[in-house]
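What follows is a single structure, written as structure tokens, with notes after it.
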Amino acid sequence: MLELKNIKWSLPEGEEILKGIDITIPDGQLTVITGPNGGGKTSLAKLIAGIITPSEGRILLDGTDITDMGITERSKFGVGYAFQQPVRFKGITVRDLLELAAGEKISDEKACELLGKVGICGREYIDRSVDASLSGGESKRIEIATVLARSSSKISVFDEPEAGIDLWSFTCLIDTFKALKEEHGESLLIISHQERILEIADNIIVIADGKVDREGKREEILPTLLHGSESCSCPMGRNLEGGF
């Protein structure tokens, strides 16, 4: 279980982005954080991953205070994270990246299985370099595959996984998230506006203006987001950003 207690965070110039966040991410469930742009969602994801440190508050994972852990230590403790904009690595292949994430050598079959879950033909990609030769969508899918490769994650955080993903690959991701939750019992935290992702959530948390606007079970929260969003559209399903 991940607990965030009175989390506050400000930009270096002093603007307060997160204004006292108190949320709990339960074990074995899929929780989606949504809300308007600029509300603090990505900042919250980076705080959980250890990329930035809160100015106030504590972060606990399974009762252990991880607030002061760096990103590497936090990763070893069980926090997986997929960036909104993936990092490129010149000289490192897709296979290298998957093995680094898994912490062990993996077979061609395993690599193809992981890449297949995000809509990539593994045999065409496992020996490619993770550099500028990859498109933004390809980089995004490969990074998500590295999160899936981690067998020791207690919680996996995905920041807008739909960004730069085509419709077919997006459908594969939806199926993968369902399988992770239902078959493996993993705790998933997804930052997203997409209705199709919200529809498979167990819990939805709405962040607006640096605060928790509302939270609860999907069946309680999703209808309140759909109301007034009928004009919003997206090729992968409605983007509910405009509904808040």
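The values are calculated or read from the model by the stated rules, or taken from the named source; none is laboratory data. Since we're looking at a predicted model, the values are computed, not measured. Cβ atoms come from the backbone with ideal geometry, glycine included; neighbour counts cover every protein chain shown.
Which of the residues spanning the stretch 176-195 are more than 15 Å from the chain's Cα centre (by Cα) and part of a helix (DSSP H, G or I)? Give the derivation first.
Of the stretch 176-195, the ones more than 15 Å from the chain's Cα centre (by Cα) are 179, 182-185, 195.
Scanning the stretch 176-195 gives Ala179, Glu182, Glu195.
Take the residues in the stretch 73-100 that are crowded, with 16+ Cβ neighbours inside 10 Å and among the polar types (S, T, N, Q); name whichever of them is modelled with the lowest pLDDT. Steps first, answer last, please.
If we filter the stretch 73-100 for residues that are crowded, with 16+ Cβ neighbours inside 10 Å, which is where we start, we get 74-75, 77-84, 86, 93-95, 97-99.
Next, only the ones that are among the polar types (S, T, N, Q) stay: 75, 84, 93.
Values: Ser75: 88, Gln84: 70, Thr93: 92.
Among those residues, the one meeting the criterion is Gln84.
Between residues in the stretch 33-62 that are of a type in the set (A, V, I, L, M, F, W, C) and residues that are in a loop (DSSP other than H, G, I, E, B), which pairs lie under 6 Å by C-beta distance while being six or more apart or on different chains?
Pairs that qualify, where the first residue is of a type in the set (A, V, I, L, M, F, W, C) and the partner is in a loop (DSSP other than H, G, I, E, B), are Leu47/Pro54; Ile59/Ile66; Ile59/Thr67.
Scan (1) in contact with a Leu (Cβ under 9 Å, 6 or more places away or on another chain); (2) under 23 Å from Thr224 (Cα atoms) for the single condition Lys41 breaks and write down its number.
Only one criterion in (1) in contact with a Leu (Cβ under 9 Å, 6 or more places away or on another chain); (2) under 23 Å from Thr224 (Cα atoms) is unmet by Lys41, namely (1).
Please determine whether any residue of the stretch 233-243 is surrounded by fewer than 16 Cβ atoms within 10 Å (Cβ to Cβ), out of contact with any Cys (no Cβ under 9 Å at 6 or more places or on another chain) and at pLDDT 75 or above.
Checked against the condition, which is being surrounded by fewer than 16 Cβ atoms within 10 Å (Cβ to Cβ), out of contact with any Cys (no Cβ under 9 Å at 6 or more places or on another chain) and at pLDDT 75 or above, the stretch 233-243 yields no hits at all.
Going by the structure shown, is Val118 assigned to a loop (DSSP other than H, G, I, E, B), of a type in the set (A, V, I, L, M, F, W, C) and over 30 Å from Gly14 (Cβ atoms)? Write out each step before concluding.
Values: assigned to a loop (DSSP other than H, G, I, E, B): yes; of a type in the set (A, V, I, L, M, F, W, C): yes; over 30 Å from Gly14 (Cβ atoms): yes.
Spelling it out, Val118 is indeed assigned to a loop (DSSP other than H, G, I, E, B), of a type in the set (A, V, I, L, M, F, W, C) and over 30 Å from Gly14 (Cβ atoms).
Can you find, within the stretch 161-171, the residue that is modelled with the highest pLDDT among those that are outside any loop (DSSP other than H, G, I, E, B) and either surrounded by 19 or more Cβ atoms within 10 Å (Cβ to Cβ) or among the charged types (D, E, K, R) (or both)? Quick ask: steps written out before the conclusion?
Initially, the stretch 161-171 is screened for residues outside any loop (DSSP other than H, G, I, E, B), giving 167-171.
From what's left, either surrounded by 19 or more Cβ atoms within 10 Å (Cβ to Cβ) or among the charged types (D, E, K, R) (or both): 169-170.
On the way: Ser169: 74, Phe170: 82.
Within the stretch 161-171, the match that is modelled with the highest pLDDT is Phe170.
For the stretch 179-212, which residues satisfy the criterion of being at pLDDT 85 or above, surrounded by fewer than 19 Cβ atoms within 10 Å (Cβ to Cβ) and closer than 11 Å to Leu30 by Cβ?
Of everything in the stretch 179-212, those that are at pLDDT 85 or above, surrounded by fewer than 19 Cβ atoms within 10 Å (Cβ to Cβ) and closer than 11 Å to Leu30 by Cβ turn out to be Glu199, Ile200, Asp202.
From Val212, Val206, which residue is over 17 Å from Ala101 (Cβ atoms), part of a strand (DSSP E or B) and out of contact with any Leu (no Cβ under 9 Å at 6 or more places or on another chain)?
Values: Val206 fails: out of contact with any Leu (no Cβ under 9 Å at 6 or more places or on another chain).
Result: Val212 is the single residue among Val212, Val206 that is over 17 Å from Ala101 (Cβ atoms), part of a strand (DSSP E or B) and out of contact with any Leu (no Cβ under 9 Å at 6 or more places or on another chain).
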